[in-house]
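**Student:** Handing you a structure now.
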Amino acid sequence: MLDRLPGQCEVCRRWGPARLCADCTGRYAAPRPRCRRCALPLPAGVEVCGECLRSAPPFEHTVCVADYAFPWVQLIAAFKFRGRVELAAPLAHELARAARATPAPHWVLPVPLAPGRLAERGYNQAWEVARRAARRLGAEARPDVLRRPRETAHQADLPRAERMKNLRAAFVVDAARRAALQGRRVALVDDVFTTGATAREAAITLLAAGAGAVDVWVLARTP
Ligand SMILES: [Zn+2]
Ligand SMILES: [Zn+2]
């Protein structure tokens with residue numbers, strides 16, 4: 001109900017019905033040409049970036065709302081680290097809009113948090129966005145397919161080569177969900193795509209367990 005009451009836009013502070021007003025989403029989430037595979041910004045007319053051509057990622061499509069810059073850096077930080085869970089709804093609204101460009105998935109899956117981090121934060125930001133975006137798209141979101149049984153070191157603290165090693169075997173597919181996963185397309189939801197290492201490892205795990213295709217939906221992408 002709170003979502004329907006007039007309030008201020010989180011970005012420009014103007015009063016209106018939306019927490020992210022149309023002027024701000026028009027200005028800060030305008031679609032731009034991106035690599036179909038990894039969402040890197042590209043010149044118009046180029047479909048796939050050089051890096052994805054040299055070494056195709058395990059996911060087929062990546063879509064994002066915007067580059068990881070103002071105001072998304074601030075909004076995602078507030079949502080993720082300062083308990084502003086109510087930002088999940090407007091962020092999911094934008095994500096669902098971007099995700100319409102990818103084929104409809106059988107399941108929408110959040111990148112999971114390890115149990116320790118989930119307990120510490122109280123919620124998984126990827127799940128809060130995934131389930132709302134899925135509902136908007138008429139898809140089924142599931143938090144119990146991909147799991148992250150153990151804590152890994154903070155990705156941001158590690159150099160790139162170390163990040164991949166750190167993530168190896170970080171994810172597992174729940175044994176009870178394997179049969180239903182076979183040959184299915186799934187969408188993997190995360191907040192920010194930086195190096196893509198997390199999405200890559202999660203996608204490899206899902207494909208190895210029998211998924212037919214994996215797409216990645218993120219709120220923001222490091223340009
Ligand atoms: Zn605004
Ligand atoms: Zn690419």
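The values are calculated or read from the model by the stated rules, or taken from the named source; none is laboratory data. Just so you know, these numbers come straight off a predicted model, no measurement behind them. Using ideal geometry, Cβ is built from the backbone for each residue, glycine included, and neighbour counts are taken over all protein chains shown.
**Student:** Considering each residue of region 1-50, count those that are aromatic (Phe, Trp, Tyr) and more than 18 Å from Leu91 (Cβ to Cβ), and give that number.
**Tutor:** 1
**Student:** Still on this structure, I have one more. Within region 178-197, count every residue that is surrounded by fewer than 24 Cβ atoms within 10 Å (Cβ to Cβ) and among the β-branched types (Val, Ile, Thr).
**Tutor:** Of the residues in that region, 3 qualify.
**Student:** Would region 31-39 turn up any residue that is more than 16 Å from ligand 2 (Cβ to nearest atom) and either closer than 19 Å to Ala133 by Cβ or aliphatic (A, V, I, L, M) (or both)?
**Tutor:** yes
**Student:** While we're here: Does Arg148 qualify as being at pLDDT 90 or above, surrounded by 19 or more Cβ atoms within 10 Å (Cβ to Cβ) and of a type in the set (Lys, Arg)?
**Tutor:** yes
**Student:** Answer yes or no as to whether Pro43 is more than 12 Å from ligand 2 (Cβ to nearest atom), under 25 Å from Val108 (Cβ atoms) and either crowded, with 21+ Cβ neighbours inside 10 Å or more than 14 Å from the chain's Cα centre (by Cα) (or both).
**Tutor:** Criteria not met by Pro43.
**Student:** Moving on. Out of (1) more than 16 Å from ligand 1 (Cβ to nearest atom); (2) in contact (Cβ under 8 Å) with a residue 60 or more places away in the chain; (3) in a loop (DSSP other than H, G, I, E, B); (4) not charged (D, E, K, R), what's the single condition that is false for Gly45?
**Tutor:** With (1) more than 16 Å from ligand 1 (Cβ to nearest atom); (2) in contact (Cβ under 8 Å) with a residue 60 or more places away in the chain; (3) in a loop (DSSP other than H, G, I, E, B); (4) not charged (D, E, K, R) applied to Gly45, the lone miss is (2).
**Student:** Among (1) away from ligand 1 (no atom under 16 Å from the Cβ); (2) in a loop (DSSP other than H, G, I, E, B); (3) under 21 Å from the mean Cα position of the chain (by Cα), which single condition is Glu51 missing?
**Tutor:** For Glu51, the failing item is (2).
**Student:** Shifting gears a bit: Quick test of your reading of the structure: Arg37 fulfils all but one of (1) assigned to a helix (DSSP H, G or I); (2) touching a Cys at 6+ places or on another chain (Cβ under 6 Å); (3) not acidic (Asp, Glu). Name the failing condition by number.
**Tutor:** It is condition (1) that Arg37 fails.
**Student:** Are any residues in region 104-141 part of a loop (DSSP other than H, G, I, E, B) and touching a Pro at 6+ places or on another chain (Cβ under 9 Å), and if so, which ones?
**Tutor:** Within region 104-141, Pro112, Ala114, Asn124, Ala139 qualify.
**Student:** Right, something else. Only one residue in Glu60, Glu51 is of a type in the set (Asp, Glu), touching a Leu at 6+ places or on another chain (Cβ under 9 Å) and at pLDDT 95 or above, so which one is that?
**Tutor:** Glu51
**Student:** Shifting gears a bit: Of the residues Asp67, Asp23, which single one is of a type in the set (Asp, Glu), away from ligand 2 (no atom under 12 Å from the Cβ) and without any contact (Cβ under 8 Å) to a residue 60 or more places away in the chain?
**Tutor:** The unique qualifying residue is Asp23.
**Student:** Considering only region 13-40, how many residues are more than 16 Å from ligand 1 (Cβ to nearest atom) and surrounded by fewer than 18 Cβ atoms within 10 Å (Cβ to Cβ)?
**Tutor:** Counting residues in region 13-40 that are more than 16 Å from ligand 1 (Cβ to nearest atom) and surrounded by fewer than 18 Cβ atoms within 10 Å (Cβ to Cβ) gives 3.
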